[in-house]
Amino acid sequence: MKKGIIVAICFLVGNIVFSQKMMTRVGEVRFEASMPAFEEIAGTNSTVSCILDETTGDFVALVLVKAFKFKSPLMEEHFNENYMESSKFPKATFKGKIANFDAKKLASKSSEFELEGDLTIHGVTKKIKTKIVLALNAGKISAKSLILVKPQDYNIEIPNLVKGKIAENAKVIINFVLAAN
């Protein structure tokens, strides 16, 4: 019995020691839905968190919706109240995996990988697949990706009055620098 408990403790400690998690709480997510000849529709958010498990390639990110900052306070208000309903849906999340990820092969030269998982925005979860670019510099991993989001896929209603002024596919650009936890 004691031998079984010792083996179980060693297994748990081994998983904790060898499971290297990289993370950040100061990444950046940019939102861009501008159309040519119309006012720029773009916001930036630095209130984000991201974790990458180097042993499994699991990749998780969380964004507080109200933290997006726009050039125009009115645009920011419309984004939060009319479109994203950030009081009702305060966060957006991504939970997925980087395909064929091998932390030992990362170098300062950027490497491109497939990123697949569940993106939850406005209370709706959809499977997505995109590319992610990773590079290792000074023990930190930089992660950059572009995700195209159709507002209607996430039950975000765009009034007919402004439909032509907002891109059909919003660009969500992530830029994280992850460090050992």
**Prompt:** Which length gain, in nm to one decimal place, applies between ASN100 and GLU114 when the Cα-Cα distance is subtracted from 0.36 nm times their residue separation?
**Reply:** 4.2 nm
**Item:** Angle in degrees between helix 2-18 and the longest Cα principal axis of the chain, rounded to the nearest 10
**Value:** 50
**Request:** Using only the alpha carbons, work out the radius of gyration and Dmax of segment 25-122 in angstrom.
**Result:** 16.1, 47
**Two-site FRET efficiency, VAL26 against VAL124, from Cβ-Cβ distance with R₀ of 45 Å, rounded to 0.05** = 0.95
**Asked** To the nearest 10 Å², what's PHE31's accessible area with a 1.4 Å probe?
**Response** 40
**Message:** So with the 1.4 Å probe, I'd like the accessible area per residue for the chain, rounded to whole Å².
**Reply:** 62
**Request:** Excluding residues fewer than 8 places away in the same chain, name every one of the lysines whose C-alpha is closer than 24 Å to that of LYS88.
**Result:** LYS66, LYS69, LYS71, LYS126, LYS127, LYS150, LYS163, LYS171
**Prompt:** Out of MET84, ALA107, VAL133, whose Cα points farthest toward the positive end of the dipole of the chain (charges: +1 Lys, Arg; -1 Asp, Glu; placed on Cβ)?
**Reply:** ALA107
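Expressed in whole Å with the largest first, what are the equivalent ellipsoid semi-axes of segment 89-178 derived from the C-alpha gyration tensor as the square root of 5 times each eigenvalue?
On the way: eigenvalues 186, 37, 23 Å².
They are 30, 14, 11 Å, listed from largest to smallest.
Dipole of the chain, Cα-centred, from +1 at each Lys and Arg C-beta and -1 at each Asp and Glu C-beta, to the nearest 20 debye?
660
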**Request:** Excluding residues fewer than 8 places away in the same chain, name every one of the aspartates and glutamates whose C-alpha is closer than 18 Å to that of LYS140.
**Result:** GLU28, ASP53, GLU54, ASP58, ASP102, GLU112
**Request:** Just subtract the alpha-carbon distance of MET75 and ASN175 from 0.36 nm times their residue separation and send over the number in nm, one decimal.
**Result:** 33.7 nm
**Message:** Rounded to the nearest percent, how much of the accessible area of the chain (1.4 Å probe, protein heavy atoms only) is carbon and sulfur?
**Reply:** 59
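The values are calculated or read from the model by the stated rules, or taken from the named source; none is laboratory data. Everything numeric here is computed off the predicted structure, so don't read it as measured data. Cβ: placed from backbone, ideal geometry, glycine included. Neighbour counts: every protein chain shown. Quick note on the areas: whole protein, heavy atoms, side chains included, nothing else; ligands and nucleic acids left out. Shrake-Rupley method; radii C 1.70, N 1.55, O 1.52, S 1.80 Å.
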